[in-house]
Every structure is written in structure tokens, then in C-alpha cells.
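> Dropping a structure here in C-alpha cells format, bear with me for questions.
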Ligand SMILES: Nc1ncnc2c1ncn2[C@@H]1O[C@H](COP(=O)(O)OP(=O)(O)OP(=O)(O)O)[C@@H](O)[C@H]1O
Ligand SMILES: [Mg+2]
């Protein structure tokens with residue numbers, strides 16, 4: 001990764017960064033969340049406030065539970081038997097606990113958009129991949145679909161590459177293009193919360209920076225929770241960063257403070273790379 | 001060094017021997033098949049040359065004028081019933097087991113049983129069908145009963161093939177569908193079914209090509225060796241244009257027709273049997289070819 005770029009971008013970002021203290025509005029709040037894959041205790045008493053229209057980055061070593069936490073927000077864990085939640089994720093302003101059995105997982109999935117760690121396009125055309133969420137909502141008017149598909153592909157920095165072959169199979173795209181297609185698919189329905197699991201892990205620096213630009217633009221309307229292994233990326237785009245370790249949320253803070261002045265010893269070790 | 005070269009020589013000899021043995025094994029298989037087809041052709045081709053007579057006349061006591069009209073129409077009708085019942089039932093059961101049913105001991109048991117059912121001798125299905133349709137439901141042998149019997153026979157094959165096809169769809173695709181807010185049914189309808197269609201189609205074709213050659217279970221349920229009339233036409237010239245009386249008709253099928261001819265004391269009928277056999281082989285081979293084409297096409301399109 002280019003060494004000079006992150007610094008300059010981070011500077012630009014810092015100027016417009018929302019300060020947690022000044023923006024009191026929370027979109028969601030994770031309270032005392034425990035999660036179990038059968039017997040396996042994967043999340044331990046996680047506390048995490050998520051301010052509205054900001055980017056919160058989750059970092060931490062592989063296997064610490066970042067994806068697990070992300071997938072609680074759209075109740076993906078409900079798909080498999082034996083998974084169990086304890087505690088709550090309270091959605092604001094309604095105050096509803098989205099983990100409560102009374103909440104239909106489908107509702108949360110309709111209100112969030114998710115980009116998975118590994119690109120998983122449908123074996124359909126590029127166009128149909130992006131239009132899928134809209135079709136599920138019974139949007140069938142062609143002009144509207146076309147408009148939304150184009151807008152989503154543009155935001156995901158993919159439009160120019162695919163505009164001439166929208167009706168070709170998505171499987172013909174490269175890995176990085178597929179990942180951006182999945183971003184476009186998640187954006188097309190205008191979600192309230194965007195869950196991004198390492199959205200740039202397969203991308204080159206140029207595509208990465210365009211996705212980061214997208215995240216930056218999008219957060220004016222959407223609350224974003226993203227997992228990343230790239231700490232410069234967290235520093236560049238996130239308003240808040242949280243560090244997870246062995247299923248626990250060790251520390252969370254406004255990004256600049258988090259990186260410059262970590263409170264926890266574990267966080268510091270992780271950030272300086274002198275881990276384990 | 002010497003040791004190594006000796007070892008290599010030894011292993012090369014081993015290779016050579018195995019190649020010979022393998023080639024011989026293959027030869028036995030291929031030679032039998034070729035001999036079989038050549039023999040059938042020698043016997044049956046003269047009759048097939050006059051295919052208009054052979055295909056469009058009923059079996060009679062004159063070998064030269066005996067044909068397979070009743071048999072192939074019967075086979076077609078029976079296969080139609082089999083197809084229309086086995087595919088929806090099999091696909092439905094597979095979807096239920098794969099996508100809806102909770103995984104527990106009971107469903108494990110069902111799963112094992114279904115796989116085993118695919119290997120049960122076909123005559124057993126005849127007995128079961130006789131008991132179910134004949135004694136319990138009081139139906140006599142007819143196109144409907146014949147079709148349903150074969151449907152029972154191939155149901156496990158279709159279920160297993162469909163489940164395999166569903167299982168080969170990566171979980172990540174399901175997750176993507178659900179994450180967008182789809183219901184189970186929407187996921188199945190927009191994703192699981194279309195993506196497994198190739199597998200379902202190949203499984204179905206292979207199952208049908210097995211069913212078309214089945215004799216034993218149909219004899220058990222009392223299929224006729226000879227019928228005098230074609231089943232009534234399923235379409236009619238006046239409203240409601242559909243007629244279901246063909247389901248009730250007496251029937252015979254190609255393999256049974258072959259069987260009655262081979263059992264005939266007049267040796268001249270062996271030629272008829274051979275010609276009918278060729279027709280049956282062409283039938284099943286083209287179905288298998290279709291299955292291969294479908295599978296190839298699907299593999300081209302979907303590479304998980
Ligand atoms: N389906 C599952 N069943 C049981 N354990 C699981 C399952 N999925 C994940 N785990 C375990 O839960 C822990 C957290 O996994 P998770 O996928 O959330 O990690 P992660 O932080 O996203 O890691 P990475 O950075 O490698 O993606 C891991 O130890 C993992 O082995
Ligand atoms: Mg992960």
C-alpha cells in the first residue's frame with residue numbers, strides 16, 4: 001500500500017469527522033451481547049454504541065468474532081440451528097431489541113445491507129444481481145430498476161467496467177469486480193445500516209480508494225459498520241474504531257484518539273504489531 | 001544408483017502388466033456390448049427397414065406384419081404419467097428435506113431409507129404397487145396404475161438427484177439471498193430451483209430411461225401382453241378438449257412386447273423382439289445423451 005496516501009486522506013477525513021461527544025444520536029446500541037455457536041462462546045459481553053450516520057470500524061486478529069458480531073445485526077445466525085444470542089442490540093429511536101424473538105429476522109434483513117467477506121454474487125446477470133433486492137420488494141418498473149441499478153453500480157465504482165455487459169453472467173467478473181458487485185447489490189435497496197465485512201479485501205489500491213470514497217459519501221445517509229484488517233483503512237474512513245480480541249470488545253473510541261492514544265494495553269500491542 | 005534403476009524397471013513392468021490386464025477387462029465389456037448390438041441389428045434391421053409397418057401396426061400372429069404400435073404408444077402414455085407424478089413429488093420432497101426439514105435423527109433415518117430405496121429390486125415395487133393400487137384402492141391394471149408404479153420406482157432417484165443438486169449450491173449464495181430479506185420460498189423459487197434445474201433434469205432423464213426399460217413391476221401389476229386398441233386420444237375435437245379416459249386403458253409397453261415375442265414358440269418372432277430391442281436401445285441412449293448434454297451445458301454456465 002502506498003505510504004503517503006493514507007496520511008493525506010486521513011487528514012482530509014479528520015476535518016469532517018463527526019465527534020461522538022457532539023452527535024448524541026445513536027443508530028444502535030449493543031448491550032451485554034453474548035453469542036454462542038452451539039457450545040462455542042463466540043462473543044463475550046460486547047458493548048458497542050453505534051452513532052447514526054457514521055462509520056464504525058471493527059478491527060482485531062483473525063477469529064476474534066468480527067464477522068460474528070456483524071452478522072448479529074441482520075440476524076444471519078438465525079439461519080442455523082443451535083446458534084444463540086444473549087443480551088441486546090437496541091435500535092434507535094424505536095428502542096426495539098433486534099435480537100428479540102419477537103422481531104422478524106426478515107425485517108432486519110430488509111433494513112440492512114450486507115457485503116460478505118467472500119464475494120457471493122448470484123449466478124445471474126450483473127443487472128439481475130443488483131436488481132434482486134428491489135425485485136424482492138416487488139419493484140418491477142423497468143425505468144426505476146434501471147435507474148437504481150445504475151446508481152448502485154456507480155456508487156460501487158463498477159459502472160464504467162460493466163455498463164456494456166450488464167446482461168452477462170456475474171460469474172464472468174474478476175474477484176474484485178464481484179466484490180464491488182456485491183457492494184452494489186447491498187446498496188441498491190437503500191439500507192439504513194450497511195454491514196461491510198472486509199469489503200476491500202480483494203481489491204487493488206485504486207478500487208479500494210474508490211470504495212472508501214463511496215463509504216465516505218454514503219455515510220451522509222447510512223450508518224455503516226465495517227470489518228477491516230487494514231488499519232490504515234480504518235484510520236482513513238472510520239469515525240469510530242473498535243478493537244476485538246477473543247470474542248471480547250476490548251476498546252472503542254473516536255478513530256483519531258483510538259490510534260494515537262489507545263487506552264488498553266492489548267489494543268496498543270495490536271496496533272504496534274507487537275502481538276502475541 | 002543401480003538399485004534405483006532396478007526399482008524403476010520393476011515399477012515400469014508393473015505398470016505394463018496392469019495396463020494389459022486393464023485393457024483386457026475393458027475389452028470384455030466393450031466386446032460383449034458390440035456383439036449384443038450387432039446381433040440385435042442382424043436380427044432386427046430387416047424389420048426396421050420396413051419401419052412404417054413395424055412402427056404402425058399391432059402385434060399379430062404373423063411375424064412379418066407384427067409391429068410395436070401398441071407398445072410404444074403404451075410406453076409413451078405410461079412414461080407421461082410417471083413423469084407428471086414423479087417429478088413434482090420427488091422435487092417437492094427433496095426441497096422439503098434439504099431446505100425446510102430440521103436435521104435430526106428422524107430426517108437422517110428418512111435420508112438413509114431414500115438412498116436405499118433407489119437400490120431395491122424393481123419387482124418389489126411391483127408387489128407394493130399391486131397391494132397399494134390393486135387391493136387397497138381397488139384399481140385394475142391401467143396406464144394410470146402402470147405409470148404410478150414406475151413413478152414409485154424412480155421417485156428415490158429423483159429425490160436423491162435433486163438433493164445432490166441443491167446441496168452443491170454454496171451456502172454463501174443462500175446467505176446472500178436471505179441477507180437481502182428474501183423468504184424461504186423466494187430463495188427457493190428465485191435461486192435454489194433455477195440453480196439446481198440442471199441436476200434435476202439429468203436425474204429425471206436418467207430415472208426415466210430406467211423406467212422405460214422396466215418390465216417386472218408392470219408384469220406384476222398385470223400389464224397386458226397384447227392389447228387390441230390404442231388408448232383413447234387425450235385430446236378431443238369438442239369441449240373440454242381433454243379426455244382422461246386414456247388413463248384407464250389397458251396397456252402394454254415395449255419391454256413387455258419384447259418379452260412376449262421372445263417367449264413365442266414361433267422362432268420367426270425373435271426378429272421382432274430384436275427390432276423392438278433396437279428401438280428401446282435408441283430410446284434410452286438418446287435419453288442418456290440428452291442427460292449428458294444438459295449436464296455439460298449446466299457445468300458451462302455454473303462454476304461454483
Ligand atoms: N459456524 C460456526 N460454528 C462454530 N464456530 C464458529 C462458526 N463460525 C465462526 N466460528 C468461530 O467463532 C470465532 C469467531 O469467528 P469470526 O468469523 O467472527 O471471526 P472473524 O473475526 O471474522 O475472523 P476473520 O478476520 O478471520 O474473518 C472463531 O473462533 C470461529 O472459529
Ligand atoms: Mg470474518
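The values are calculated or read from the model by the stated rules, or taken from the named source; none is laboratory data. The shown structure was predicted, so the numbers you read here are calculated from the model rather than taken from an experiment. Here the Cβ positions follow ideal geometry from the backbone for every residue, glycine too, while neighbour counts run over all protein chains shown.
> Go through segment A:114-170 and count every residue that is within 16 Å of ligand 1 (Cβ to nearest atom) and touching a residue at least 40 places away in the same chain (Cβ under 8 Å).
So the answer is 6.
> Working only within segment A:176-191, note down all residues that are farther than 23 Å from residue A:69 by Cβ and either assigned to a helix (DSSP H, G or I) or within 11 Å of chain B (Cβ to nearest Cβ) (or both).
Selection gives A:176, A:177, A:178, A:180, A:181, A:184, A:188.
> Given the conditions (1) farther than 28 Å from residue B:273 by Cα; (2) within 34 Å of the chain's Cα centre (by Cα), and given that residue B:46 satisfies all but one, which numbered condition is not satisfied?
Only one criterion is unmet by residue B:46, namely (1).
> Quick one: residue A:35 ticks every box in (1) away from ligand 2 (no atom under 16 Å from the Cβ); (2) closer than 28 Å to residue B:101 by Cβ; (3) more than 14 Å from chain B (Cβ to nearest Cβ) bar one, so which box is it?
Only one criterion is unmet by residue A:35, namely (1).
> Something else: So is residue A:120 modelled with pLDDT of 90 or more and facing chain B (nearest Cβ under 8 Å) or not?
Yes, satisfied.
> Go through the residues of segment B:80-90 one by one and say whether even a single one is loosely packed, with under 15 Cβ neighbours inside 10 Å and more than 26 Å from residue B:148 (Cα to Cα).
No.
> Cβ contacts < 8 Å: first residue more than 10 Å from chain B (Cβ to nearest Cβ), restricted to segment A:58-81; second residue more than 14 Å from ligand 2 (Cβ to nearest atom) and in a helix (DSSP H, G or I), any location; separation 6+ or different chain. Result?
Every condition considered, the pairs that remain are A:59/A:231; A:59/A:234; A:59/A:270; A:60/A:270; A:61/A:270; A:73/A:108.
> How many residues, within segment B:210-249, are modelled with pLDDT under 85 and not in a loop (DSSP other than H, G, I, E, B)?
Residues flagged as modelled with pLDDT under 85 and not in a loop (DSSP other than H, G, I, E, B) within segment B:210-249 amount to 5.
> Take the conditions outside any helix (DSSP H, G or I) and either touching a strand residue (DSSP E or B) at 6+ places or on another chain (Cβ under 8 Å) or surrounded by 11 or more Cβ atoms within 10 Å (Cβ to Cβ) (or both) and apply them to residue B:44. Does it pass?
So residue B:44 fails the test.
Matching residues to (1) more than 14 Å from the chain's Cα centre (by Cα); (2) surrounded by 15 or more Cβ atoms within 10 Å (Cβ to Cβ); (3) within 8 Å of ligand 1 (Cβ to nearest atom); (4) in a strand (DSSP E or B):
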position: A:30; (1), (2), (3), (4): yes, yes, no, yes
position: A:33; (1), (2), (3), (4): yes, yes, no, yes
position: A:57; (1), (2), (3), (4): no, yes, no, yes
position: A:70; (1), (2), (3), (4): no, yes, yes, no
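> With respect to residue A:265, is the statement that it is away from ligand 2 (no atom under 16 Å from the Cβ), within 21 Å of residue A:73 (Cα to Cα), away from every other protein chain (no Cβ under 14 Å) and surrounded by fewer than 16 Cβ atoms within 10 Å (Cβ to Cβ) true?
No.
> Can you pull out every residue in segment A:192-209 that is more than 16 Å from ligand 1 (Cβ to nearest atom) and either part of a strand (DSSP E or B) or surrounded by 18 or more Cβ atoms within 10 Å (Cβ to Cβ) (or both)?
Correct list: A:193, A:194, A:203, A:207, A:208, A:209.
> Another question, then. Out of curiosity, is residue B:256 surrounded by 22 or more Cβ atoms within 10 Å (Cβ to Cβ), away from every other protein chain (no Cβ under 14 Å) and modelled with pLDDT of 90 or more?
Yes: the conditions hold for residue B:256.
> Does segment B:164-176 hold any residues that are in contact (Cβ under 8 Å) with a residue 12 or more places away in the chain and either over 23 Å from residue A:80 (Cα atoms) or surrounded by fewer than 24 Cβ atoms within 10 Å (Cβ to Cβ) (or both), and which are they?
Selection gives B:164, B:166, B:167, B:168, B:169, B:170, B:173, B:174.
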